[in-house]
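The values are calculated or read from the model by the stated rules, or taken from the named source; none is laboratory data. Predicted model only: the values in this text are computed from it and were never measured. Using ideal geometry, Cβ is built from the backbone for each residue, glycine included, and neighbour counts are taken over all protein chains shown.
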Amino acid sequence: MKLKYINEIKKLESLPKVVNLFSKKEIQNILEFYGSLPVTVHNKKQNVIKKRWIQNYNKNLDNFYISKLKEVLNDFKMDNLKSEKDEDFFGLIQESFSPIKLHVDSGFDENSIIYKQTLVPLTPFGETVIFQNRWYDGSTMLTNNKDELKIKPKHKGQNDRSSKHLNLYNNENFDPVVHKKYLSHIDINNLKGLKTLMIYKWKLGDILIFDRTNIHCSSCNIEKHKIGLTTFTKK
C-alpha cells in the first residue's frame, strides 16, 4: 500500500521532540487504567500484551488525555482504528517483555494524511530508537528474515512484512558500535542503509513525539518488562 498524499505528509514532518507533560500522579492514574482494561492481544511470539484505550471506559481520563495531546499536537484526528461502536480508540498500551523490532506505524489507509505518533512511558526504564529513514507505504514490520516475510496480514490493523527498505537507503553497512549497544536483537544486515536519528531514554512524565513515517524500534536493553502508551494521529 502506497500512501497517496506524500507531499502533504512531508510538509507536516519535523524532528522528534520530547516534552515533560505529566505529573507522577497522572502517570500513575494511566497505569492503573491500563490494569483495568481488557487485553486486546497477547502476542506470545513477540512477548507483548496489548490493550486498546477504549473510549468512555473512563471519561474523565479520556478528557484529560485529549487535552494533554492538544497541548503538544494542536489540531489532529485520532488514527488508532475504531471500536465496534465506531468510536476512536485513544491509543494502544503495550507491555513488552522483549524488545520490539524494526517497523513503521504509517497506518492502513492510503488516503490518510498521517501526522504524529506519541509515546508516553508508564515504566521508568526503556529506550526507543528512531531512524532518519522514512517510509511511505503502510504500517510494516521491516525484516530480512525469509520466514517472517511469508507472514501475511489476516485482517485490518495487522502490519505487512517487507524487506524493501534494504533497497531504499544505499545499502551502507550499519554502525557496529550502535548495533552492539542498542540493537543486538536485530540482524545487523537488516539495518543496512539506516542512520540513527535519536535514541530516546524513557523518563516518567515525558511524551515523545515523532513522525509516523520514521522507521523505529525498541533498543535491546530491557529490564524484565516495560509499559508504554502509543497514540497515532492524522490530519
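Inspect all residues belonging to the range 39-46 and state whether any of them is modelled with pLDDT of 95 or more, under 19 Å from the mean Cα position of the chain (by Cα) and part of a loop (DSSP other than H, G, I, E, B).
In the first step, residues of the range 39-46 are kept if they are modelled with pLDDT of 95 or more; the result is none.
Checked the range 39-46: no residue is modelled with pLDDT of 95 or more, under 19 Å from the mean Cα position of the chain (by Cα) and part of a loop (DSSP other than H, G, I, E, B).
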message: I need the full set of residues from the range 72-125 which are under 19 Å from Gly35 (Cα atoms), part of a loop (DSSP other than H, G, I, E, B) and in contact (Cβ under 8 Å) with a residue 40 or more places away in the chain, in order please.
response: Phe90, Gly91, Phe97, Leu122, Thr123, Pro124, Phe125
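Consider Leu142 carefully, then state whether it is surrounded by 15 or more Cβ atoms within 10 Å (Cβ to Cβ) and farther than 22 Å from Lys17 by Cβ.
On the way: surrounded by 15 or more Cβ atoms within 10 Å (Cβ to Cβ): yes; farther than 22 Å from Lys17 by Cβ: yes.
Yes; evaluated as a whole, the condition is true for this residue.
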statement: Per the list (1) buried (at least 18 other Cβ atoms within 10 Å of the Cβ); (2) out of contact with any Asp or Glu (no Cβ under 9 Å at 6 or more places or on another chain); (3) in a loop (DSSP other than H, G, I, E, B), residue check on Cys217 breaks on (3)
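With respect to Lys10, determine if the residue is basic (Lys, Arg), loosely packed, with under 15 Cβ neighbours inside 10 Å and over 30 Å from Lys224 (Cβ atoms).
Against the criterion (basic (Lys, Arg), loosely packed, with under 15 Cβ neighbours inside 10 Å and over 30 Å from Lys224 (Cβ atoms)), Lys10 qualifies.
Working carefully through the options Leu61, Leu21, Leu37, Leu31, find the one that is free of Cβ contacts under 8 Å to residues at least 40 places away in the same chain, surrounded by 11 or more Cβ atoms within 10 Å (Cβ to Cβ) and not small (Gly, Ala, Ser).
Leu61
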- request: Can you work out which of the residues in the range 158-167 that are surrounded by 15 or more Cβ atoms within 10 Å (Cβ to Cβ) and out of contact with any helix residue (DSSP H, G or I) (no Cβ under 9 Å at 6 or more places or on another chain) is nearest to Met1 (Cα to Cα)?
  value: Asp160
